[in-house]
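Colleague: Mind looking over this structure? Questions follow.
The values are calculated or read from the model by the stated rules, or taken from the named source; none is laboratory data. The shown structure was predicted, so the numbers you read here are calculated from the model rather than taken from an experiment. Neighbour counts run over all protein chains shown; Cβ positions are idealised from the backbone, glycine included.
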Amino acid sequence: MLTVNHKQCTGCGSCIDTCPQLAVVTVRDKYKFLYPSVNAEQCISCGKCADACPLHHSDSPPPLSPDVRYYAAKALDKALLRDSHAGGIFPLLARAVLSQGGVVYGCAFDEVRHPRHIRVEQPDDIARLQGLKPVQSDTSGVFRRVRCDLEAGRTVLFSGTPCQCDGLRCFLGADGDTARLILVDMLCGGVTSEGIFHRYVRWLEEKIGGSVRSLRFENKPAFGHSPGLRIIFRRGKFRYLLSVPAAWDMLYAMYRKGCISRRACGECRYAVPARVGDITLGRFERIRRAHPDFPYDNGVSLVITSTPKGAGLLKQIAPQLMLEESDLERAAVNRRLVTPIPTHPHRAMLLSDIYRHGFSKAAEKFGSPGLSDALTSLITSALPDGAVIRCDRLARRIRAKLAKKAPSDSLS
Ligand SMILES: Cc1cc2nc3c(=O)[nH]c(=O)nc-3n(C[C@H](O)[C@H](O)[C@H](O)COP(=O)(O)OP(=O)(O)OC[C@H]3O[C@@H](n4cnc5c(N)ncnc54)[C@H](O)[C@@H]3O)c2cc1C
Ligand code: SF4
Ligand code: SF4
Ligand code: SF4
């Protein structure tokens with residue numbers, strides 16, 4: 001029977017969909033992060049759930065592929081680019097798969113901002129998957145559905161965080177029919193929980209004195225390549241648009257500093273050049289230095305193809321892209337390719353404040369995000385790339401030492 005290691009479990013959902021007895025269910029811890037829980041009465045001790053867990057696989061993630069290629073890329077279609085977090089590559093990949101009769105899976109918010117993986121067959125629905133949702137998506141039931149599609153001979157594009165893609169890979173197993181499966185993983189900075197996100201939205205509503213109608217973590221019209229928030233809220237009869245640079249936003253600042261992410265994210269095993277995905281997508285950091293002639297307005301993606309399947313799909317959409325080949329050295333300036341965002345030493349205290357006293361208390365303790373982020377980005381933009389990576393390693397070591405002294409998180 002599966003023993004859930006709460007420090008390392010990513011919540012990928014593989015064990016949940018694997019159990020033939022339906023004995024593994026999704027539960028939430030006290031901070032509303034998703035975990036599996038085994039109902040001992042239903043369990044027949046077959047061991048399938050443990051076999052399907054990526055934590056039990058020594059090849060998770062798989063070794064660095066000899067076919068790996070790196071690119072700077074962006075969609076030529078301005079509308080796609082505007083609504084996507086980086087260079088708008090994902091919606092083009094999705095369209096290509098749907099046009100061949102395939103199906104696409106990815107993360108969408110429902111009407112009550114519950115993030116969940118959904119299955120898409122119509123091109124119009126791709127928009128629901130576009131854009132970053134830094135909140136953990138529920139995949140329960142989805143891997144079984146993917147297996148049905150593959151067994152029915154459909155091509156499947158599954159997009160998600162690397163841990164979710166790896167969960168699906170382990171769920172299908174070495175004998176699974178994966179010839180028609182295309183995994184698209186992300187360079188991942190971690191996920192927060194739905195509960196934290198909802199508390200943040202409530203705090204935001206108190207601050208603006210209105211109800212949030214739509215919240216996106218990309219705002220290209222206002223901030224171009226730099227991340228920003230686009231919040232539409234209603235106050236009385238009128239609707240308003242609020243544009244906030246990401247560096248000034250409290251949720252984003254706490255997220256980027258590892259204060260509100262899942263525990264496994266701080267030690268993420270997927271922040272390495274060896275990728276789970278046939279294609280990996282992320283932001284191309286410091287594009288102006290790496291590829292000075294590449295137009296950087298409105299976002300540029302770092303695209304990594306690790307398999308011939310991934311390379312083939314990228315080739316199909318190439319006529320709809322601005323594409324320039326790159327290399328690991330320039331790509332790895334995006335630190336999510338080499339190191340995770342470490343857990344903040346005060347994570348436990350901030351999460352406890354968010355749940356006991358609301359987001360405002362934690363925000364008060366965290367301080368002003370704008371100033372520290374502005375200083376960090378000023379310093380890092382003045383340093384050569386190698387120095388930034390070395391500073392990052394040093395900062396990790398210091399944080400790890402501080403974390404040992406800080407109070408540890410307890411789980412309910
Ligand atoms: C949780 C998360 C953290 C990320 N952190 C970083 C980072 O630190 N640095 C970096 O360079 N890039 C990061 N990315 C990737 C980046 O933000 C872009 O989403 C990615 O580059 C694809 O951009 P796009 O313009 O091609 O398409 P987009 O339209 O932006 O693609 C959206 C894709 O993201 C998936 N997605 C969105 N939210 C979630 C979620 N909560 N769970 C699973 N899948 C999701 C959708 O299924 C879809 O496939 C992250 C992505 C996610 C999902
Ligand atoms: S050991 Fe088998 S029956 Fe028990 S929870 Fe795991 S998969 Fe289900
Ligand atoms: S399969 Fe995924 S959700 Fe289940 S225990 Fe392992 S990491 Fe956690
Ligand atoms: S940081 Fe790692 S563990 Fe956390 S969501 Fe991303 S891939 Fe999964």
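Colleague: Restricting to the stretch 122-168, give me the number of residues that are under 17 Å from residue 102 (Cβ atoms), in a loop (DSSP other than H, G, I, E, B) and not hydroxyl-bearing (Ser, Thr, Tyr).
Modeller: Result for the stretch 122-168: 4.
Colleague: Now, a different point. So which residues in the stretch 193-211 are among the hydroxyl-bearing types (Ser, Thr, Tyr) and crowded, with 20+ Cβ neighbours inside 10 Å, if there are any at all?
Modeller: Looking only at the stretch 193-211, we keep the residues that are among the hydroxyl-bearing types (Ser, Thr, Tyr), and these are 193, 200, 211.
Correct list: 193, 200.
Colleague: So in the stretch 277-334, with the set limited to residues that are among the aliphatic types (A, V, I, L, M) and in a loop (DSSP other than H, G, I, E, B), which one is nearest to residue 68 (Cα to Cα)? Full working, then the answer.
Modeller: Residues of the stretch 277-334 that are among the aliphatic types (A, V, I, L, M), as a first pass: 279, 281, 287, 290, 300, 302-304, 311, 313-314, 317-318, 321-323, 328, 331-333.
Still in the list and also in a loop (DSSP other than H, G, I, E, B): 300, 332-333.
Details: 300: 19, 332: 14, 333: 17 Å.
This residue is 332.
Colleague: Please enumerate the residues belonging to the stretch 1-21 that are more than 8 Å from ligand 2 (Cβ to nearest atom), part of a loop (DSSP other than H, G, I, E, B) and not charged (D, E, K, R).
Modeller: From the stretch 1-21, those more than 8 Å from ligand 2 (Cβ to nearest atom) are 3-14, 16-17; that's our starting set.
From what's left, part of a loop (DSSP other than H, G, I, E, B): 3-13.
3, 4, 5, 6, 8, 9, 10, 11, 12, 13, listed by residue number.
Colleague: Name the single residue that is nearest to ligand 3 (Cβ to nearest atom) among those in the stretch 1-25 being in contact with a Leu (Cβ under 8 Å, 6 or more places away or on another chain) and at pLDDT below 95.
Modeller: Per the criteria, the residue is 5.
Colleague: Determine whether the stretch 86-105 contains at least one residue that is more than 15 Å from ligand 2 (Cβ to nearest atom), assigned to a strand (DSSP E or B), buried (at least 20 other Cβ atoms within 10 Å of the Cβ) and small (Gly, Ala, Ser).
Modeller: No, the conditions are met nowhere in the stretch 86-105.
Colleague: Checking the conditions here, which among 119, 144, 128 is over 29 Å from residue 246 (Cβ atoms) and free of Cβ contacts under 8 Å to residues at least 40 places away in the same chain? Break it down stepwise before answering.
Modeller: On the way: 144 fails: free of Cβ contacts under 8 Å to residues at least 40 places away in the same chain; 128 fails: over 29 Å from residue 246 (Cβ atoms).
Matching residue, one of 119, 144, 128: 119.
Colleague: Does residue 87 satisfy the condition of being modelled with pLDDT of 95 or more and closer than 18 Å to residue 331 by Cβ?
Modeller: Values: modelled with pLDDT of 95 or more: yes; closer than 18 Å to residue 331 by Cβ: yes.
Spelling it out, residue 87 is indeed modelled with pLDDT of 95 or more and closer than 18 Å to residue 331 by Cβ.
Colleague: Working only within the stretch 174-195, note down all residues that are in contact with a helix residue (DSSP H, G or I) (Cβ under 8 Å, 6 or more places away or on another chain), in a loop (DSSP other than H, G, I, E, B) and within 16 Å of ligand 3 (Cβ to nearest atom).
Modeller: First, pick out the residues of the stretch 174-195 that are in contact with a helix residue (DSSP H, G or I) (Cβ under 8 Å, 6 or more places away or on another chain): 176-178, 180-192, 195.
Subsequent filtering for residues that are in a loop (DSSP other than H, G, I, E, B) retains 176-178, 180, 187-191.
If the condition is that a residue be in contact with a helix residue (DSSP H, G or I) (Cβ under 8 Å, 6 or more places away or on another chain), in a loop (DSSP other than H, G, I, E, B) and within 16 Å of ligand 3 (Cβ to nearest atom), then 176, 188, 190, 191 are the ones that fit.
Colleague: On to the next question. Considering only residues that are farther than 26 Å from residue 312 by Cβ and within 14 Å of the chain's Cα centre (by Cα), look in the stretch 110-130 and name the one that is surrounded by the most Cβ atoms within 10 Å (Cβ to Cβ).
Modeller: For the stretch 110-130, the residue satisfying everything is 115.
Colleague: Can you pull out the residues in the stretch 102-120 that are β-branched (Val, Ile, Thr) and under 19 Å from residue 197 (Cα atoms)?
Modeller: The initial filter retains those residues of the stretch 102-120 that are β-branched (Val, Ile, Thr), namely 103-104, 112, 118, 120.
Hit for the stretch 102-120 is 112, nothing else.
Colleague: Exactly one of these conditions fails for residue 22: (1) more than 20 Å from residue 134 (Cα to Cα); (2) more than 16 Å from ligand 4 (Cβ to nearest atom); (3) touching a residue at least 24 places away in the same chain (Cβ under 8 Å); (4) outside the structural domain of residue 181 (by TED's automatic domain parsing). Give me its number.
Modeller: Unmet condition: (3).
Colleague: Select, from 31, 35, the only residue that is farther than 30 Å from residue 332 by Cα, away from ligand 2 (no atom under 16 Å from the Cβ) and touching a Ser or Thr at 6+ places or on another chain (Cβ under 8 Å). Explain how you work it out, then say what you get.
Modeller: Details: 35 fails: away from ligand 2 (no atom under 16 Å from the Cβ).
When all the criteria are applied, what remains is 31.
Colleague: With respect to residue 49, determine if the residue is surrounded by 22 or more Cβ atoms within 10 Å (Cβ to Cβ) and more than 7 Å from ligand 2 (Cβ to nearest atom). So that I can check it myself, show each step before the final result.
Modeller: Working: surrounded by 22 or more Cβ atoms within 10 Å (Cβ to Cβ): yes; more than 7 Å from ligand 2 (Cβ to nearest atom): no.
No: the conditions fail for residue 49.
Colleague: Only one of 61, 36 is within 16 Å of ligand 4 (Cβ to nearest atom), surrounded by 13 or more Cβ atoms within 10 Å (Cβ to Cβ) and without any contact (Cβ under 8 Å) to a residue 40 or more places away in the chain; which? First the steps, then the outcome.
Modeller: Details: 61 fails: without any contact (Cβ under 8 Å) to a residue 40 or more places away in the chain.
Exactly one residue qualifies, and that residue is 36.
Colleague: For the stretch 34-77, how many residues are more than 23 Å from residue 269 (Cβ to Cβ), in a loop (DSSP other than H, G, I, E, B) and out of contact with any Gly (no Cβ under 8 Å at 6 or more places or on another chain)?
Modeller: Number of matching residues: 9.
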